[in-house]
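K.L.:
One structure is given below, represented as structure tokens, and several questions about it will come after.
The values are calculated or read from the model by the stated rules, or taken from the named source; none is laboratory data. Everything numeric in this text was worked out from a predicted model, so none of it was measured. Methodologically, a virtual Cβ is constructed for each residue, glycine included, from the backbone with ideal geometry; neighbour enumeration extends over all protein chains shown.
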Amino acid sequence: MGISSFAPGTCFCRQRDHQPDEQCEIPYNINEATQQLALKALANVEQVNQWTKTTIEQRNWLETELAKIPLTEKIFPSDANFLLVKMTGAHNVFTYLQSKGIIVRNRNTTKGCEGCLRITVGTATENQALIEALKIILFEHETFIINFH
């Protein structure tokens, strides 16, 4: 498990990108204890580099495999530890994955992310389970997905 479990984060944007009617929020409010744990974890450069390498490898693998799933309409470019994926029947896919204990974020109601799921890059085992579940949805529940598209 990497430091992403601690959920440290920050938000940066250019002045011109922030509209007066929009609210810019830090993704996660973090307390002093979490900040100290994050700093301590980051001090071990070799471990952080290994976590980063593994995450990139898994993100690339996940992107390749998701592109093979016919439900995938678009995978947005990412340098993060997650992929934003536009999918046919996204809400139904989200509900099915949730019922199988696979947690993704339903971004379907977020402006500009209609029909999208935010998929966090997990371990190789977690990523494989996601891909297998998507294959099951496609082949066993195809009419369910299409009927509610």
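K.L.:
What are the residues in the stretch 36-93 that are over 19 Å from L130 (Cα atoms) and β-branched (V, I, T), if any?
P.N.:
V45, V48, T52
K.L.:
Which condition number in (1) charged (D, E, K, R); (2) within 13 Å of the chain's Cα centre (by Cα); (3) surrounded by 13 or more Cβ atoms within 10 Å (Cβ to Cβ) is the one that K100 fails?
P.N.:
(2)
K.L.:
Out of T55, T64, report the one residue that is at pLDDT 95 or above, among the hydroxyl-bearing types (S, T, Y) and surrounded by 16 or more Cβ atoms within 10 Å (Cβ to Cβ).
P.N.:
T55
K.L.:
Here is a further query. Kindly provide the set of residues from the stretch 115-135 that are surrounded by fewer than 16 Cβ atoms within 10 Å (Cβ to Cβ) and farther than 18 Å from P70 by Cα, ordered by number.
P.N.:
T123, A124, T125, E126
K.L.:
Right, another one. Could you look through the stretch 34-52, keep only residues that are without any contact (Cβ under 8 Å) to a residue 24 or more places away in the chain and closer than 28 Å to L117 by Cα, and pick out the one that is surrounded by the fewest Cβ atoms within 10 Å (Cβ to Cβ)?
P.N.:
N49
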